[in-house]
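Written below as structure tokens is the structure these notes are about.
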Amino acid sequence: MANGSKFLKVTGILMIIFGSIAIVVSIIALMGIGALNAFSNAVGATSYVAKDLTLLYVGGFLALLSSVVELVAGIIGVANAQKPEKAKVCMIWGILVAVMCILGNIFTLIGGGDFQFFSLLTGLALPVLYIIGAYKNQQNQF
């Protein structure tokens with residue numbers, strides 16, 4: 001068994017679990033935003049509210065996209081844990097998950113939220129461990 005294969009498989013399984021949960025939560029959030037939109041239209045909300053809802057929709061879709069990327073990365077990591085030649089593909093997917101995490105934090109700042117260092121740190125922990133597992137797995141290819 002490759003040196004990083006267990007590491008990659010465990011982090012991949014965790015990404016599958018958290019990605020699946022995040023997809024469900026993102027869908028529920030988008031449904032909530034839709035309900036809020038319907039309510040604001042029913043009561044004749046101002047254009048300021050509509051602008052805020054657009055920002056919420058973009059954030060909801062970004063969260064859903066990020067969740068799907070995490071789920072796919074987890075599946076790819078588990079499927080390729082025993083294949084050191086596929087380590088670069090896993091690293092790319094791990095980097096995509098990390099980038100999506102950073103984009104989410106940037107979007108929070110754009111939306112007027114505060115910078116949350118702990119949130120960024122915890123959001124990057126799993127993708128970084130996944131990338132390390134893929135890198136260790138790649139070392140056994142040579």
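The values are calculated or read from the model by the stated rules, or taken from the named source; none is laboratory data. Bear in mind the structure is a predicted one, so any value in this text is a computation, not a measurement. So basically every Cβ, Gly included, is an ideal-geometry build from the backbone, and we count neighbours across all protein chains shown. Accessible surface areas use protein heavy atoms only, side chains included; no ligands, DNA or RNA. Shrake-Rupley method; radii C 1.70, N 1.55, O 1.52, S 1.80 Å.
Answer yes or no: is there a residue in the range 100-109 that is open to solvent by 70 Å² or more (accessible area, probe 1.4 Å) and of a type in the set (Ser, Thr, Tyr). Working first, answer last.
Here is the first cut: in the range 100-109, the ones open to solvent by 70 Å² or more (accessible area, probe 1.4 Å) are 102-103, 106, 109.
Subset that is of a type in the set (Ser, Thr, Tyr): none.
So far as the range 100-109 goes, no, none of its residues is open to solvent by 70 Å² or more (accessible area, probe 1.4 Å) and of a type in the set (Ser, Thr, Tyr).
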Of all residues in the range 8-24 being buried (at least 16 other Cβ atoms within 10 Å of the Cβ) and β-branched (Val, Ile, Thr), the one that is farthest from GLY94 (Cα to Cα):
ILE23
Given the residues PHE107, PHE117, which is the only one that is free of Cβ contacts under 8 Å to residues at least 40 places away in the same chain and aromatic (Phe, Trp, Tyr)?
PHE117
Only residues in the range 17-31 that are in contact (Cβ under 8 Å) with a residue 12 or more places away in the chain count as the first member; pair them with residues that are in a helix (DSSP H, G or I) and among the aromatic types (Phe, Trp, Tyr), Cβ under 9 angstrom, at least 6 apart or cross-chain, and list the lot.
SER26/PHE61; LEU30/TYR57; LEU30/PHE61
